[in-house]
Structure formats: structure tokens, C-alpha cells
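Okay, structure first, notes after.
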Amino acid sequence: MLPLIITVAAVGAELDREQQPNLPISPEDLARDAAECADAGASIYHLHVRDDRGRPTMDVEAFSRAQEAISSSSDLIVQFTTGGALGDPEEARIAPLQLKPEMATLTTGSVNFGSDVFLNPMPLVERLYREMRSVGTLPEYEIFEAGMIANAQRVYAEHGDGHHQHFDLVLGVPGALPAAPGVIPFLVSQLPAGATWSATGIGKAHLPVTHDALAAGGHVRTGFEDVRYLEPGRLATSNAELIRRVGTLASEAGREVATCTQTREMLQIEPGGTLLV
Ligand code: KMH
Ligand code: ZN
């Protein structure tokens with residue numbers, strides 16, 4: 001089996017410090033958090049950014065400071081969100097890509113998200129995709145509903161340039177794909193040949209989905225965006241603590257944890273981005 005890529009979704013947009021007091025917010029927090037996450041075995045840092053008051057923002061300067069902070073303390077692949085917070089305007093979601101992150105997320109369709117809707121009309125998806133590829137950023141397709149895999153393939157067939165394809169299967173968002181038996185095998189059966197995939201279990205779905213992904217040869221995402229608790233009633237003290245738990249489960253499943261270099265090799269990205277021009 002492939003060495004295990006651990007992605008840390010360290011910040012998110014739909015939680016605050018009242019819900020998770022250890023949420024990293026400032027560039028100093030992010031630098032410290034990234035160093036700890038790298039040490040614990042993560043190789044990709046999925047990044048949402050906050051303003052001075054801790055509110056989610058898609059401000060380009062804030063992304064730039066965060067990107068710099070993470071890269072100053074670690075070799076982690078920085079993966080920008082393009083989903084942002086629910087309701088963020090399209091232009092704001094696109095703007096940080098000008099900083100040419102090595103990776104960025106791309107949700108390939110709209111989906112219910114709790115009592116809200118995470119809107120991703122196909123013209124926006126195609127625009128985000130083309131923008132990513134024009135600056136050498138590798139998209140990670142975020143799959144919240146099964147049809148999004150086919151949507152990703154449509155975009156790739158029309159605009160793709162032969163880059164490696166990596167998917168993240170997100171289970172357990174209320175209103176979207178549940179973490180039910182058989183869901184991961186079905187989604188994996190729909191992926192194109194040669195693709196790699198990770199799985200993200202939200203909240204209570206976190207541990208079952210992690211176990212299933214490890215057993216099926218997939219990769220794993222963890223972090224405060226996805227799960228706040230280490231066990232019922234016990235908040236995690238850091239993102240690194242959540243990563244170490246995945247590391248323990250990985251070792252029980254006989255999976256070696258990938259270094260940042262191995263992850264770049266598997267995803268076929270160069271440090272600093274795969275510039276096409
Ligand atoms: N905050 C969610 C609405 C992403 O980062 O690309 C979307 C999200 C996905 O978190
Ligand atoms: Zn996110």
C-alpha cells in the first residue's frame with residue numbers, strides 16, 4: 001500500500017474559539033501549529049484563514065501572511081481553501097489563487113450543508129479549475145456528493161492537462177453523503193484509474209471513516225475543521241494530537257506515514273508549485 005498522506009484541516013471556517021479554544025488563528029499560531037503538525041506526520045496543510053478578530057476571511061494579504069508563516073516553520077504542502085465560508089462571494093474565493101499555492105481545494109458541485117447550501121455552480125467550478133492550472137496549482141477535488149466525481153471528470157476532460165488527480169471524499173456533513181457502510185467502496189469504484197484519494201469523516205463520522213480509509217489503502221484528513229473532540233467530552237488540545245491518533249491507527253493498520261517529499265512524489269507536484277508557463 002502507498003505511504004499514508006495525512007492532511008490536516010487545521011482551521012476551517014465554521015467553528016470558533018468558543019467551540020475549540022486551541023484553534024490556530026494568527027500567523028504565529030499557524031507557524032507553531034504547522035511545525036507541530038509536520039512533526040506529528042502531516043504532509044498537507046489545508047488552509048482557511050481568519051482576520052484579527054478570528055472571523056473567516058478570503059483576504060489575499062491574510063492568505064499571504066499565513067502561507068509564509070506555515071512555510072517558515074515546515075515543509076508542509078500548503079493547500080488553500082477555495083470553498084471559504086458558506087456564502088463567500090465567488091470573486092473572493094478565487095482571489096487567493098494569485099499566490100500560487102501548491103494545492104487548492106475544488107468542490108465540483110453544490111450541496112446541502114446543514115441548514116445552508118454550499119454553492120458551486122459549474123461555471124464557477126470551471127473558472128476555479130482553469131485559474132488553478134494557470135498558476136500551477138494542483139486541485140484536490142472535494143467530494144461531498146457522489147455526482148461530484150462525474151462533474152470533476154467532465155471538467156478534467158474539457159480543461160485538463162494530464163496532471164495527477166487527487167480526490168478527498170467527505171462523509172458526515174449533515175445533508176450530504178453519510179458515513180454509511182458501502183459508501184467509500186462505491187465512491188472509490190467511481191474514481192478514474194491512477195487517481196489517489198483521501199477520506200474525511202466529519203464529527204462522529206471521523207473515526208469510522210479513518211478506519212475504512214486506512215483499510216482500503218486511501219489517505220486520511222483530520223484536524224479541527226473536521227473534528228474537535230478526541231473522545232466524547234474531551235476536546236483535542238491541538239491539531240497535532242489528532243494527527244498522532246491517525247498515526248497510531250495507521251501503524252495498527254500496517255501503514256507507513258508519508259513524508260512531505262513522498263507526498264509531493266505521489267501527487268506529482270514540485271515544491272513551490274507545478275508552474276506550467
Ligand atoms: N467551509 C465549507 C463551506 C473547502 O475548504 O474547500 C467549505 C469547505 C471546503 O471548507
Ligand atoms: Zn475547508
Selection within the range 1-24 - surrounded by 15 or more Cβ atoms within 10 Å (Cβ to Cβ) and away from ligand 1 (no atom under 16 Å from the Cβ): Pro3, Leu4, Ile5, Ile6, Asn22
Some residue of the range 206-217 being without any contact (Cβ under 8 Å) to a residue 40 or more places away in the chain, open to solvent by 50 Å² or more (accessible area, probe 1.4 Å) and part of a strand (DSSP E or B): no
Boolean, Gln19 is within 16 Å of ligand 2 (Cβ to nearest atom), assigned to a loop (DSSP other than H, G, I, E, B), out of contact with any helix residue (DSSP H, G or I) (no Cβ under 6 Å at 6 or more places or on another chain) and not aliphatic (A, V, I, L, M): yes
Of all residues in the range 26-45 being within 17 Å of the chain's Cα centre (by Cα) and in a loop (DSSP other than H, G, I, E, B), the one that is surrounded by the most Cβ atoms within 10 Å (Cβ to Cβ): Ala42
Residue list for the range 219-267, restricted to those being over 17 Å from the mean Cα position of the chain (by Cα) and within 20 Å of Ala104 (Cβ to Cβ): Glu265
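Let's see how each residue does on (1) of a type in the set (A, V, I, L, M, F, W, C); (2) within 19 Å of Glu14 (Cβ to Cβ); (3) touching a helix residue (DSSP H, G or I) at 6+ places or on another chain (Cβ under 6 Å):
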residue: Gly175; (1), (2), (3): no, yes, no
residue: Gly194; (1), (2), (3): no, no, no
residue: Trp197; (1), (2), (3): yes, no, no
residue: His211; (1), (2), (3): no, no, no
Contacts under 8 angstrom Cβ, first residue in the range 227-250 being over 15 Å from Tyr45 (Cα atoms), partner aromatic (Phe, Trp, Tyr), 6 or more apart: Leu235/Tyr229; Ala236/Phe224; Ala236/Tyr229
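Residue-wise test of (1) at pLDDT 95 or above; (2) of a type in the set (Asp, Glu); (3) over 16 Å from the mean Cα position of the chain (by Cα).
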position: Thr108; (1), (2), (3): yes, no, no
position: Leu119; (1), (2), (3): yes, no, yes
position: Arg127; (1), (2), (3): yes, no, yes
position: Leu138; (1), (2), (3): yes, no, no
position: Glu142; (1), (2), (3): yes, yes, no
position: Ala146; (1), (2), (3): yes, no, yes
position: Tyr156; (1), (2), (3): yes, no, yes
Hey, Glu28 touching a Pro at 6+ places or on another chain (Cβ under 8 Å), more than 16 Å from ligand 1 (Cβ to nearest atom) and touching a residue at least 12 places away in the same chain (Cβ under 8 Å) or not: no
Among residues of the range 29-77, those that are of a type in the set (Phe, Trp, Tyr) and out of contact with any helix residue (DSSP H, G or I) (no Cβ under 6 Å at 6 or more places or on another chain), counted: 0
Leu177, sole failed condition from (1) without any contact (Cβ under 8 Å) to a residue 40 or more places away in the chain; (2) out of contact with any strand residue (DSSP E or B) (no Cβ under 6 Å at 6 or more places or on another chain); (3) within 15 Å of ligand 1 (Cβ to nearest atom): (2)
Single match in Ala195, Ala176, Ala180 (criterion: within 15 Å of ligand 2 (Cβ to nearest atom), surrounded by fewer than 23 Cβ atoms within 10 Å (Cβ to Cβ) and within 27 Å of Ile243 (Cβ to Cβ)): Ala176
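The values are calculated or read from the model by the stated rules, or taken from the named source; none is laboratory data. This structure is a prediction, so every number in the text was calculated from the model and none was measured. Note that we place each Cβ from the backbone using ideal geometry, even for glycine, and neighbour counts take in every protein chain shown. Ligands, DNA and RNA are stripped out before the accessible areas are found, and what is left, the full protein with its side chains, is counted by its heavy atoms. Shrake-Rupley method; radii C 1.70, N 1.55, O 1.52, S 1.80 Å.
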